[in-house]
Amino acid sequence: MLIAMILALLIPMYEAWQDEDIWQKMLAFASIATKTSVMILVISVLRDDWMIGVVGVIILSVGNAGLMLLAQTIKRINE
Amino acid sequence: MVDILGYLCIGVGIVFWFWGTFPLLGKRSVLFKLHSLSVADTLGSMSIICGLLLKIPSEWSLLVLALISLAIWNTVLGYVLAYCSSSGGRDER
């Protein structure tokens, strides 16, 4: 199960690596952030360790907010 | 029974993940990729977290917080990315 999740994580990583367009990269990064935090939650359930789960939820909320701010900054720079 | 249902939810979520992520590899426009990503990826993540919630219901507060932040943040992030990327004027590819 975890191996399938890691395979699904490799696709946006490859996309972020090979694509030059900044918005495609941002899209891949958003996908990576969501997938990683959900994987952290799954691992925290498997290990029954809720400190890791708290970290996953924090990444899920703060990481997405950070990506939004980054998108606005890139838009301003491109103008 | 509930355990099997939880694993079923997680499996469906992983299928949705692959479904939403494979269009990233093509040569389509950003908005097309954003649509498939924001629909299938968010639904897959929410399905996985629902599966975890069925497996361990005692930690519902943390998992419900994760569900809510997924539902709200991914929608808002989708709108913001679409707004920011649509100013270039070369989206119709």
### Message
Accessible area of chain A with a 1.4 Å probe: how many percent of it is carbon plus sulfur?
### Response
71 percent
#### Entry: Cα-based helix-to-principal-axis angle, B:42-55 vs chain B, degrees rounded to 10
10 degrees
### Accessible area buried between chains A and B, both sides summed, probe 1.4 Å, in Å² to nearest 100
3600 Å²
### Summary
Stokes-Einstein, Kirkwood over Cα pairs, chain B, 10 °C, 1.306 mPa s; D in µm²/s equals 110 µm²/s
### Over chain B, relative contact order from alpha-carbon pairs under 8 Å, at least 6 apart, %
36 percent
### Task
Please give the per residue accessible area of the protein assembly as shown, computed with a probe of 1.4 Å over protein heavy atoms only, in Å².
52 Å²
## Note on the structure
Mean per-residue count of partner chain Cβ within 10 Å for A:58-64 equals 5
## Note on the structure
Expected integer from the mean partner chain Cβ neighbour count at 10 Å over B:36-45 is 3
## Note on the structure
For the protein assembly as shown, inverting the pair-averaged 1/r of distinct alpha-carbon atoms gives a Kirkwood value in Å of 16.3 Å
## Note on the structure
The helix B:60-85 Cα axis meets the longest alpha-carbon principal axis of chain B at an angle in degrees, between 0 and 90 and rounded to 10, of 10 degrees
### Query
At a 1.4 Å probe, what is the % contribution of carbon and sulfur to the accessible area of chain B?
74 percent
### Task
Just need log10 I(q)/I(0) for the range A:1-63 at q = 0.12, 0.13, 0.14, 0.27 Å⁻¹, Debye formula, equal scatterers on the alpha-carbon atoms, no solvent, rounded to two decimals.
-0.33, -0.38, -0.44, -1.05
## Note on the structure
Sorted by chain and number, the residues with a modelled amide H under 5 Å from that of B:Ser29, at a separation of 5 or more or across chains, are B:Arg93
### Message
Show me the helices of chain A, taken as full DSSP H stretches, that run 30 Å or more along their long axis by Cα and average -1.0 or above in Kyte-Doolittle hydropathy.
### Response
A:22-47
### Task
Please give the average number of partner chain Cβ atoms lying within 10 Å of the Cβ of each residue in A:12-21, rounded to a whole number.
2
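The values are calculated or read from the model by the stated rules, or taken from the named source; none is laboratory data. This one's a predicted model, so the numbers in the text were calculated from it and none came from an experiment. For neighbour counting, all protein chains shown are included, and Cβ atoms are generated from backbone atoms with ideal geometry for every residue, glycine included. Just the protein is used for accessible areas: all its heavy atoms, side chains included, with ligands, DNA and RNA removed. Shrake-Rupley method; radii C 1.70, N 1.55, O 1.52, S 1.80 Å.
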